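**Q** What follows is a structure written as structure tokens; I'll ask about it next.
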Amino acid sequence: MTQPLILIIEDEAPLRRFLVPTLTTQGYQVDVAGTGAEGIVLARSYNPDIILLDLGLPDKDGLEVLRELRNWSRKPILIISARNQEKDKVSALDLGADDYLTKPFGAAELLARIRVALRHATQTVLDSPLLQCGSLSLDLEKREVTMDGVPVRLTPLEHRLLEALARRAGKVVTHAQLLNEVWGPSGEGQTHYLRIYMGTLRRKLEPDATRPRYLLTEPGIGYRLNVE
Ligand code: CA
């Protein structure tokens, strides 16, 4: 099998000098575009397996590039952005980006996110309704949750919330996405629902609810079910 091809759309030279060798030594094929326009042309010409997209590009807003890519591509797109761009990250995720990395990030984090995104791209949840994270085990088909083999009783809403995270295990899910999937239109803007239900889920599922291992908060953005 050929190695996955990664397209990086990023204008900052120091970051490119970090990204390219980090990814090529892992066996990925890598190509780089320095502008949004060039990135769109390259993506169209060979449909890369995964795209790393910077939001701050010299010629176009990264969100605009994302919208154009999502018109035709379903391949994973990871956002690379600066720490002060929380609102843009949420917009990007709601527009269909798969995940984001906040600068500065390390090689281990980058490679883990790429593995998760590629795994999701090649496998649907229906292929494997079972999810194991540490001592936590979820069977999405039977709607069963166990901790160290002991069944955990969840309310229907708690179960739907956990399932919404598990369907994108390892990836961040935004507040708006979770509220919409679990509560529907009545949940719009009600982020306090999430704080309450994540609190009860953590008390039931986390060995130490004050230091979550599985149900991680992404401040200002959403939540992530940690599978590493
Ligand atoms: Ca930039």
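**Q** Probe radius 1.4 Å, ligands and nucleic acids ignored: give me the carbon and sulfur share of the accessible area of the chain as a rounded percent.
**A** That share works out to 52 percent.
**Q** Per-residue accessible area for residue 158 at 1.4 Å probe radius, Å² rounded to 10?
**A** Approximately 10 Å² for this residue.
**Q** Also, I was wondering about something else. Out of all DSSP beta bridges with both ends in the chain, state the antiparallel percent to the nearest 5.
**A** 50 percent
**Q** Kindly report, to the nearest 10 Å², the accessible surface of residue 142 as traced by a 1.4 Å probe over protein heavy atoms only.
**A** Approximately 140 Å² for this residue.
**Q** A follow-up question, please. How much mean residue ellipticity at 222 nm does the chain get from its helices, if each DSSP H run of length 4 or more adds -39500 (n - 2.57) and you divide by all residues, to the nearest 500 deg cm²/dmol?
**A** So the helix-based figure for the chain works out to -12500 deg cm²/dmol.
**Q** Could you work out the mean projected area of the convex hull around the alpha carbons of the chain, in square nanometres to one decimal? Let's see the in-between values first.
**A** Details: hull surface 52.5 nm².
Average of the hull's projected areas for the chain equals 13.1 nm².
**Q** Going by alpha carbons, how many degrees (0 to 90, nearest 10) lie between the helix axis of 36-46 and the longest principal axis of the chain?
**A** 80 degrees
**Q** At R0 = 35 Å, how high is the FRET efficiency between residue 45 and residue 213 if r is their beta carbon distance? Nearest 0.05 is fine.
**A** 0.25
**Q** Based only on Cα atoms, what Rg/Rh ratio does segment 127-225 have, Rh being taken as Kirkwood's radius?
**A** Rounded to two decimals, Rg over Rh is 0.93.
**Q** Using a 1.4 Å probe, how large is the accessible area of residue 120, given in Å² and rounded to the nearest 10?
**A** 60 Å²
**Q** Using only the Cα atoms, what convex hull volume per residue in Å³ does segment 39-99 have?
**A** So the per-residue hull volume is 71 Å³.
**Q** Give me the three principal axis extents of segment 5-123 from the C-alpha atoms, as integers in angstrom, largest value leading.
**A** Result, largest extent first: 31, 29, 25 Å.
**Q** A follow-up question, please. Working from Cα positions, state the angle (0 to 90°, nearest 10) between the long axis of helix 13-24 and the longest principal axis of the chain.
**A** Taking Cα atoms only, the helix is inclined about 70 degrees.
**Q** Between segment 86-108 and segment 23-40, what is the separation of their alpha carbon centroids in Å?
**A** Between the Cα centre of segment 86-108 and that of segment 23-40, the gap is 17 Å.
The values are calculated or read from the model by the stated rules, or taken from the named source; none is laboratory data. Fair warning: this is a prediction, and the values are worked out from it, not measured in the lab. For neighbour counting, all protein chains shown are included, and Cβ atoms are generated from backbone atoms with ideal geometry for every residue, glycine included. The area values use the complete protein model at the heavy-atom level, side chains included, leaving out ligands, DNA and RNA. Shrake-Rupley method; radii C 1.70, N 1.55, O 1.52, S 1.80 Å.
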